[in-house]
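Presented below is the structure to which this report refers.
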Amino acid sequence: QATHPGAKVKIVWTNAWYSPPKETSAAQNLVAAGADVLGQNVDSPAAGVYAEKHGVPWVGYDSNAQKFAPKQWLTASVYNWGPYYLRRVKAAMNHTWKSGFYYGSIKDGFTGLAPYGRKVTASTKRAIAKKMRQIESGKFYEFTGPLYDQHGKLRVKKGVRMQVLKGGTNSLYGMDWLVKGVIGSPKG
């Protein structure tokens, strides 16, 4: 909403991390409903294969899957578990390991983006790099109010930051509602 206030995101739940038939069906239904970009949070490239065949830009998930949609690939969120696992194993070997919650970030190198596809313009790359620097420095936090739900109800007041672990209404892990501009149900 901050970048494109009129944007709409439609959710289709597959209720599976890996189900190429369901992912292809979801992609078909979204494109039939007028989607001009496909994105996903599942582990197969089925939506990307569909996107490539039908000329729809695609944002993948968790890996560089550009080879499945070379003309339509935009990028993907990627997660680098290696450094985290290395720290945890070293702590276990040193007998200093303690259980705890880890929420990786751009700042610690856990979260990043896969290489961009040819459709991503230089100006878009610059805008993304700028926003990532703002997130890394703490200048921008995507879960800062005012945040409204899809029905227009104010859920997070202006200036209030949702927390990762804090309970109650300002917890990301307790978030059972969708933000303004998202079409669908929060219940998969």
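The values are calculated or read from the model by the stated rules, or taken from the named source; none is laboratory data. The shown structure was predicted, so the numbers you read here are calculated from the model rather than taken from an experiment. With ideal geometry, Cβ positions are generated from the backbone for all residues, glycine too; neighbour counts draw on all protein chains shown.
Within segment 142-188, restricting attention to residues that are touching an Asp or Glu at 6+ places or on another chain (Cβ under 7 Å) and not in a loop (DSSP other than H, G, I, E, B), the residue that is surrounded by the most Cβ atoms within 10 Å (Cβ to Cβ) is 155. Only residues that are surrounded by fewer than 17 Cβ atoms within 10 Å (Cβ to Cβ) and free of Cβ contacts under 8 Å to residues at least 60 places away in the same chain were counted across segment 12-23, and they come to 5.
When 166, 153, 158 are screened for being among the charged types (D, E, K, R), over 30 Å from residue 29 (Cβ atoms) and either modelled with pLDDT of 95 or more or in the same structural domain as residue 14 (by TED's automatic domain parsing) (or both), only 158 passes.
Among the residues making up segment 30-64, those that are assigned to a loop (DSSP other than H, G, I, E, B), among the hydrophobic types (A, V, I, L, M, F, W, C) and farther than 27 Å from residue 81 by Cα are 33, 35, 37, 56.
Does residue 27 satisfy the condition of being aliphatic (A, V, I, L, M) and modelled with pLDDT of 95 or more? Talk me through it step by step, then tell me what you get.
Numbers: aliphatic (A, V, I, L, M): yes; modelled with pLDDT of 95 or more: yes.
In short, yes.
Among the residues of segment 107-150, those identified as β-branched (Val, Ile, Thr) and within 19 Å of residue 3 (Cα to Cα) are 120, 121, 124, 128, 135, 144. Looking at segment 55-65, can you tell me whether even one residue there is more than 24 Å from residue 3 (Cα to Cα), crowded, with 17+ Cβ neighbours inside 10 Å and within 17 Å of the chain's Cα centre (by Cα)? There is at least one residue in segment 55-65 that is more than 24 Å from residue 3 (Cα to Cα), crowded, with 17+ Cβ neighbours inside 10 Å and within 17 Å of the chain's Cα centre (by Cα). Looking only at residues of segment 68-111 that are touching a residue at least 24 places away in the same chain (Cβ under 8 Å) and part of a helix (DSSP H, G or I), we find that the one that is surrounded by the fewest Cβ atoms within 10 Å (Cβ to Cβ) is 83. Every listed requirement among (1) without any contact (Cβ under 8 Å) to a residue 40 or more places away in the chain; (2) of a type in the set (Ser, Thr, Tyr); (3) farther than 30 Å from residue 71 by Cβ is met by residue 123 save one, (3). Among the residues of segment 140-186, those that are within 23 Å of residue 110 (Cβ to Cβ) and in contact with a Lys or Arg (Cβ under 8 Å, 6 or more places away or on another chain) comprise 140, 141, 143, 144, 170. Do the conditions hold for residue 29, that is, is it under 17 Å from the mean Cα position of the chain (by Cα) and either under 17 Å from residue 10 (Cβ atoms) or among the aromatic types (Phe, Trp, Tyr) (or both)? So residue 29 does not fit the description; no. With respect to the conditions (1) farther than 26 Å from residue 11 by Cα; (2) touching a Pro at 6+ places or on another chain (Cβ under 8 Å), residue 157 falls short on a single one, namely (1).
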